[in-house]
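One structure below.
The values are calculated or read from the model by the stated rules, or taken from the named source; none is laboratory data. Quick caveat: nothing in here was measured; it's all calculated off a predicted structure. With ideal geometry, Cβ positions are generated from the backbone for all residues, glycine too; neighbour counts draw on all protein chains shown. Keep in mind that these areas ignore ligands, DNA and RNA; they rest on the heavy atoms of the full protein, side chains included. Shrake-Rupley method; radii C 1.70, N 1.55, O 1.52, S 1.80 Å.
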Amino acid sequence: MSIRSNTASPSPTLRRFLFRLSAGFGALAVTAALGVTTASATSAAPSGGTAAHLLVSRSASATPAASSNLINHGGPVENAPKVYVVYWGWQSDPSGEQAYLNNFLSSVGGTQWLSTVNQYGGGSQSGLLAGTWSDSASVPSHPSDSAIQSEAAKAAGHFGAGTSANVEIVVATPTGHSTRGFGTQWCAYHGAVSSSPNITYTDLPYMTDAGSSCGANSVRSALDGVSIVEGHELAETITDPLLNAWYDSSGAEIGDKCAWINLSTISTSKGTFAVQPLWSNSAGGCVQ
C-alpha cells in the first residue's frame with residue numbers, strides 16, 4: 001500500500017511510504033516523521049527513509065479499498081522484471097523461509113495468478129528470480145529504512161544488476177532483526193532506492209517472526225505469510241515500481257485493494273504457495 005496525504009502535497013514517492021500490515025488501504029497514513037498529516041495516521045513509517053509503500057498486518061486490518069479501478073499516473077512499469085534477493089546477515093533459518101522464498105520467486109513467473117499485471121503493461125514471464133546472495137555482513141537488531149536501502153544498493157552492485165526500473169532488490173533480513181513496526185504495524189514495504197532511484201527495493205523481514213499478524217497459518221502452513229506478503233510486494237513493484245504508475249484515487253495499489261481477503265493457493269513447478277488475489281481493472285474486482 002501507499003501513504004497518500006489529503007492535506008499536504010508531498011511528491012508521489014513520499015506519499016507512498018509504507019506497505020502496511022492491514023487491509024485498511026482506503027484510509028491514508030503518513031507519519032509525523034514525514035512532516036505530513038492525515039485524518040487517519042494509524043501506522044508508523046520505518047525510520048530514516050524517504051520513499052516506501054507499506055502493507056499493513058492482518059491484526060491492523062480494516063476495510064479494503066473501494067472498488068474503483070487503478071489509474072495510470074504515467075510512471076514506468078516493469079515490463080521485464082528481474083528480482084534479486086539478498087539474505088543479509090542470516091545465521092539461522094528456523095522456519096525454512098529461504099528455500100520457500102526462493103522456490104516461490106523462481107516459479108511464480110508464468111502463472112495465471114501473476115498474469116493479472118499484464119493488463120497494466122507489467123511483465124510476468126518465467127525466470128523472474130535473477131539471483132540470490134548471502135551477505136555475511138552484520139545486520140542491526142532494528143535496521144532503519146536507510147540501512148535497508150544501503151543494503152539494496154550494495155546488492156545491486158554485487159549482482160551487477162544495472163539501474164533499470166525492471167530491477168527489484170529484495171532485502172531479506174534474518175530472524176530477530178527487523179525494521180521497527182514489523183508485525184504490529186506492517187509486514188513489508190517497497191519503494192525506490194534513494195541513491196539509485198530507477199531501481200526498487202523491498203524490505204522483507206523474517207515473516208514467521210510476526211506469526212499470524214503477517215499471514216502464518218492463514219491458509220496451509222506457518223510459511224504462508226512469506227509468499228502472501230512477497231507476492232503482494234512483487235505485483236505492486238511490477239505495476240508501480242517508482243511509486244508513480246498504477247494506483248487508484250485513494251492511493252491503493254494492485255495488492256492493497258485485495259489484501260488479506262480470499263486467501264488461497266497456487267501450484268507451480270516448485271510447490272504450492274499461499275497468495276492473495278490481485279486487483280483487475282478488466283474484471284472490476286479481485287482475481288486469483
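Which is of a type in the set (A, V, I, L, M), modelled with pLDDT of 95 or more and within 27 Å of Gly89 (Cβ to Cβ), of Val219, Val193? Val193 is the lone residue from the list that is of a type in the set (A, V, I, L, M), modelled with pLDDT of 95 or more and within 27 Å of Gly89 (Cβ to Cβ).
If you scan segment 188-214, which residues turn out to be assigned to a helix (DSSP H, G or I) and among the small types (Gly, Ala, Ser)? If the condition is that a residue be assigned to a helix (DSSP H, G or I) and among the small types (Gly, Ala, Ser), then Ala210, Gly211, Ser212, Ser213 are the ones that fit.
Only one of the numbered conditions (1) more than 17 Å from the chain's Cα centre (by Cα); (2) modelled with pLDDT of 50 or more is not met by Val108, and that is (1). If you go through segment 264-286, how many residues are touching a strand residue (DSSP E or B) at 6+ places or on another chain (Cβ under 7 Å) and open to solvent by 40 Å² or more (accessible area, probe 1.4 Å)? Count: 3. Can you name the residue in segment 197-231 that is open to solvent by 10 Å² or more (accessible area, probe 1.4 Å) and among the β-branched types (Val, Ile, Thr) and, of all such residues, is farthest from the chain's Cα centre (by Cα)? For segment 197-231, the residue satisfying everything is Val219. Every condition in (1) closer than 22 Å to Pro81 by Cα; (2) at pLDDT 95 or above; (3) within 18 Å of the chain's Cα centre (by Cα) is met by Ile266 except one, and the failing one is (3). Among the criteria (1) in contact with a helix residue (DSSP H, G or I) (Cβ under 9 Å, 6 or more places away or on another chain); (2) in a loop (DSSP other than H, G, I, E, B); (3) under 27 Å from Asn72 (Cα atoms), the one Asn217 does not fulfil is (3).
Picking from residues in segment 248-263 that are of a type in the set (Gly, Ala, Ser) and closer than 21 Å to Trp186 by Cα, the one that is surrounded by the most Cβ atoms within 10 Å (Cβ to Cβ) is Ala259. In segment 67-172, counting only strands (runs of 3 or more DSSP E) that sit wholly within it, the ones holding 2 or more residues that are farther than 15 Å from Thr237 by Cα and open to solvent by less than 20 Å² (accessible area, probe 1.4 Å) span 82-88, 129-135. The requirement of being surrounded by fewer than 23 Cβ atoms within 10 Å (Cβ to Cβ), under 23 Å from Ile254 (Cα atoms), without any contact (Cβ under 8 Å) to a residue 24 or more places away in the chain and not aliphatic (A, V, I, L, M) is fulfilled nowhere in segment 177-184; no residue meets it.
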